[in-house]
Amino acid sequence: MMNAGPPDATKPMPSIGAVLREATAALAALPQASPHLEAALLLCEATGYTRTQLLAWPETELGEADLARFEVLIQRRLAGEPIAYIRGRQAFWTLELQVTPDTLIPRPETELLVELALERLHAEAPLLVLDAGSGSGAIAAALASERPTWTLIATDRSLGAARTAGSNLRTYALGNAGIVACDWLTPIAERSLHAIVGNPPYIPDTDPHLKRGDLPWEPRSALAAGPDGLDAIRTLSTQATSRLRPAGFIALEHGFDQGPAVRAIFKRHGFEDIRTHPDLEGRERATTGRLPVTSRR
Ligand code: GLN
């Protein structure tokens, strides 16, 4: 049949199903992507449909504006931009957090730190707990939401990260958590904290992983920490010994091969009951310790 109208007027718009198939095939070229999931998330972002709606009505034709928006998002993803930055949010624990290029993208393995703190600290006591280098505020927000009697302090040196964390705490109305823009524990009073939890940078400066996947897009200061990746963990451990109360608890995330080094650092700083815990993939991912009940400091 002849195309009678203006060039595009009669051209059928592609369906949700067709667009998803095409985008999934394109995204499969990216290393470390989940093409199908990412195509669906970006289509939701462009159209306002939920994932259920995409599944239920694959034959629905897309509007031109929706399609144009989707194409822009797919191009950004194909250029390597992390899906979390394109969407501006990332799921963590029970929350959906705002993330920006000023913040590390919260990882599922970091939920281990939340579990360890929930397991090992008194659930109903009025504890003062600090999330060191909190980025988007993920750990502080998760703990504040689970433990109304605790007070959470989130620290981050980056003002952009502090603003994002503050916004996440407000979104979930977490009145028992606050954010301080500072370097690790520097302004924190001596012997004031019951616990310190943190996901500091721990990748060695020259590690090739820094050039892969989402990492080149994330703040380098949230990822890399000196020649062996342990600079931030050493600084934090030193500061922790004076800021924690007697019997104070520490839990830090680290690289899968840094367990022995982190245990040695904790030991050198006088921590006891030092244990390393595996993540969901069975790799050493977090080490915990406690200061002695009576300290000789
Ligand atoms: N686990 C992250 C990664 O390897 C790094 C996070 C961090 O350095 N704290 O991608």
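Scalar couplings 3J(HN,Hα) for the range 93-106, obtained by applying the Karplus form with A = 6.51, B = -1.76, C = 1.60 to θ = phi - 60°, are 6, 9, 10, 10, 9, 5, 10, 9, x, 7, 10, 4, 7, x Hz; x denotes Gly and Pro. Spacing of the modelled spin labels on GLU115 and HIS209, each 7 Å from Cα toward Cβ, amounts to 1.9 nm. Gain on full extension, evaluated as 0.36 nm per residue between GLU22 and ALA91 minus their Cα-Cα distance, stands at 22.3 nm. Between the amide H of ALA224 and those of ILE203, distances stay under 5 Å, these residues lying 5 or more places away or on another chain, with hydrogens modeled in the peptide plane.
Near ILE196, the amide H atoms lying under 5 Å from its own belong to LEU130, PHE249, ILE250, ALA251; only residues 5 or more places off or on other chains count, and H is placed 1.01 Å from N. Listed values for the range 204-213 are Karplus-derived 3J(HN,Hα) couplings in whole Hz (6.51 cos²θ - 1.76 cosθ + 1.60, θ = phi - 60°), namely x, 3, 9, 5, x, 4, 4, 9, 10, x, and x replaces Gly and Pro. Equivalent-ellipsoid semi-axes for the range 223-297 (Cα gyration tensor, √(5λ), whole Å, largest first): 21, 15, 9. Alpha-carbon geometry of the range 1-149: the Rg and the Dmax are 20.7, 77 Å, given in that order. Length, then width, then depth: along the principal axes, the Cα atoms of the chain run 91, 40, 32 Å.
Annotation: the antiparallel percentage among DSSP beta bridges lying fully within the chain is about 45. Extension gain for the segment GLU146 to LEU67, taken as residue separation times 0.36 nm less the Cα-Cα distance, is 24.4 nm to one decimal. Projected onto its three principal axes, the C-alpha set of the range 26-76 covers 30, 21, 15 Å, listed from the longest axis down. The relative contact order of the chain, computed from alpha carbon pairs under 8 Å that lie at least 6 residues apart in sequence, is 13 percent. The GluC sites (Glu not before Pro) of the range 80-125 that DSSP puts in a loop, and whose beta carbon has at most 16 other beta carbons within 10 Å, are GLU124. Scattering from the range 146-297 was approximated by placing one identical point on each alpha carbon and applying the Debye formula without solvent; log10 I(q)/I(0) at 0.14 1/Å stands at -0.76. The range 57-107 and the range 186-227 have Cα centres separated by 25 Å. Rounded to the nearest 500, the helix-only mean residue ellipticity at 222 nm of the chain stands at -10500 deg cm²/dmol, with each DSSP H run of n ≥ 4 adding -39,500 (n - 2.57).
Every read-out reported here was derived from the displayed coordinates using simple, explicitly stated rules and does not represent laboratory data. Quantities reported herein were computed from a predicted structural model and do not represent experimental measurements. Cβ atoms come from the backbone with ideal geometry, glycine included; neighbour counts cover every protein chain shown.
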